[in-house]
Amino acid sequence: MPADRSPADPRPGDELIIDGRASVQFAAGRGFRFRVTTVDQKQTYRGWVWLGGYQLTPDGEARERREIFVQRSGLRFAPRLRRLR
């Protein structure tokens, strides 16, 4: 989790929690971890952004490539996963 910036300014490589705070379509238990690969720079509705990336499994493995439209204010950094050696 980068301490020097807000999750509302996502960058490639960030892992975020996507849930109902980011968009109503991800509410009611439909949330997931998401690794950002692209941040679309096109103007959209104020406070919203298109992100490209991968939906992750609970252990951090990429499961599905997705493009999602989310509210910047609802984005949160995902906690770091503990990797077993």
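The values are calculated or read from the model by the stated rules, or taken from the named source; none is laboratory data. Every value quoted in this text rests on a predicted model; they were computed, and no experiment measured them. All Cβ positions, glycine included, derive from the backbone under ideal geometry; neighbour counts span all protein chains shown. These accessible areas exclude ligands, DNA and RNA; they are computed on the full protein's heavy atoms, side chains included. Shrake-Rupley method; radii C 1.70, N 1.55, O 1.52, S 1.80 Å.
Below, the figures for the structure above:
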| read-out | value |
| --- | --- |
| Accessible carbon and sulfur surface of the chain relative to its total accessible area, %, 1.4 Å | 49 percent |
| Viscosity 0.890 mPa s, 25 °C: Kirkwood-radius Stokes-Einstein D of the chain over Cα pairs, µm²/s | 188 µm²/s |
| For the chain, accessible area per residue (1.4 Å probe, heavy atoms of protein chains only), Å² | 69 Å² |
| Cα lying deepest toward the dipole's positive end in the chain, options GLN25, THR44, PRO58, charges on Cβ | PRO58 |
| Given charges at beta-carbon only (K, R positive; D, E negative), |dipole| of the chain in Debye | 160 debye |
